Amino acid sequence: MEDLVRESAVDSRSRKARRGSFGLATAGLVAILTLSGSVAIMAQPAPQAVEAKAPAHLPAARQVLARFVKEIGGSTAFEKIQSQHMTGKFQLVAQGITGGLEVLAARPDKLLMKMNLPGIGEMSQGFDGSIGWSINPVTGPMVLDGKMLEPLREQARFDAVLHAEDEFKSMETIGQETFDGKDCYKLKLVRKSGQEVTEYYEVKTGLLAGSASLEETPLGSISVTAMVGDYKKFGDVLFATRLTQKMGPLSQLMTFEKMEFNQVDNSVFALPDQIKALVKKDAKSGPSPRP
C-alpha cells in the first residue's frame, strides 16, 4: 500500500498530476454510496434512457432496477432521508491493515469520506456540490478534475441507487450468470458521461450483488470489481453493510456498523482550508489543461 502511495507522490510533482491524483485506497471509496443504498427521490419525472430489448427469457433492465428499489424499501421511504452518516471499518486484506471509515452524504450531491489507516494516516475525499478534492498524508491536498472528478461527481448524487433514467445513455439486461456465488441478472449501463458499468442483481432476492467497471487512477485505468452483501434494515431502508472491492493488486473490505439519517450538518461539507488555498491559487493562475 505504501509503495502505491509513494508512486502517487512521484506523479504529484507535476501540477497536472497533483490536481488529478489520489491513492487507490481512497479512489475505491467513491463506489460506497451507490452500492450501499444511499438514495433519494427525483423531484421531476426523468426522460427515458434508451433500453435495448432483453433476451426473451430475461427481464428488461428497468424491471430489474425497479424490483431492487422496491426490495430495499421503496421510493416512499427515501423521501424522508435528507442526509446519511455511516461509520465502520476499512481493511486492506493482504496487508493485514484495518482502520476506521466514515462516510457522510446529503442531498442533492454532497459527499465526505474519511479513512484512517495505521502507519499511513488519515485520507479524506469530498465533493461540495461543485468541487471535488482529496487529502492524502503523502501526496498532500489535491483538487480533482477531468476523468478523476467525474466518477466522484456521479457517486456524490444522493439518489444514485435509483438509477434515474436521465443519468444514462442506455441500459440493458445482457445475460444471467453466477457472480460472487449468486445467480444474477447482468446489466450493462452506460452513463451520460460515457462511463460503462456492469451491475449484477440476484435473481432470488432482487438485491444488488455487485458491479464491475474501469476507474481512472494515478496509475491509469484499473478494473474495479465490487461485491456487496449483508443487507440490514435501518429504519425503513435496507442497506448493504459489507463491500469488498478488488482494484488491481489491492483487495479492500469495508463494513458498516452504524447508520444515522437526517443528522448531518451542512457545514461538514465545507472545503478544508488546504483545498481552499489550492482553489484560490488556481483561480489566480487560470485553468490548467484537462486530461
Inset, instruction - Quickly run through segment 203-223 and pick out the residues that are at pLDDT 90 or above and closer than 26 Å to residue 84 by Cβ. - result: 205, 206, 207, 208, 209, 210, 211, 212
Inset, instruction - Given the conditions (1) surrounded by fewer than 19 Cβ atoms within 10 Å (Cβ to Cβ); (2) within 26 Å of residue 85 (Cβ to Cβ), report the number of the one that residue 199 does not fulfil. - result: (1)
Inset, instruction - Identify, from the list 190, 264, the residue that is in a loop (DSSP other than H, G, I, E, B) and in contact with a strand residue (DSSP E or B) (Cβ under 6 Å, 6 or more places away or on another chain). - result: 264
Legend entry - Residue in segment 143-164 that is over 16 Å from the mean Cα position of the chain (by Cα), buried (at least 17 other Cβ atoms within 10 Å of the Cβ) and closer than 21 Å to residue 115 by Cα present: yes
Inset, instruction - Name the single residue, out of those in segment 62-106 being surrounded by fewer than 15 Cβ atoms within 10 Å (Cβ to Cβ) and basic (Lys, Arg), that is modelled with the lowest pLDDT. - result: 80
Legend entry - Members of segment 193-215 found to be outside any strand (DSSP E or B) and either farther than 19 Å from residue 60 by Cα or of a type in the set (A, V, I, L, M) (or both), listed by number: 193, 194, 195, 203, 207
Inset, instruction - Consider residue 126 carefully, then state whether it is of a type in the set (Gly, Ala, Ser), in a loop (DSSP other than H, G, I, E, B) and either buried (at least 22 other Cβ atoms within 10 Å of the Cβ) or modelled with pLDDT under 95 (or both). - result: no
Inset, instruction - Check whether at least one residue in segment 73-89 is among the β-branched types (Val, Ile, Thr), out of contact with any Ser or Thr (no Cβ under 6 Å at 6 or more places or on another chain), part of a strand (DSSP E or B) and touching a residue at least 40 places away in the same chain (Cβ under 8 Å), and report yes or no. - result: yes
Legend entry - Enumeration of residues in segment 250-270 that are surrounded by fewer than 18 Cβ atoms within 10 Å (Cβ to Cβ) and touching a residue at least 12 places away in the same chain (Cβ under 8 Å): 251, 253, 255, 257, 258, 260, 261, 262, 263, 266, 268, 270
Inset, instruction - Could you tell me whether any residue of segment 152-172 is part of a loop (DSSP other than H, G, I, E, B) and of a type in the set (Val, Ile, Thr)? - result: no
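The values are calculated or read from the model by the stated rules, or taken from the named source; none is laboratory data. Worth saying up front: this structure is predicted, and the values here are computed from it rather than measured. All Cβ positions, even for glycine, are placed from backbone atoms using ideal geometry, and neighbour counts span all protein chains on display.
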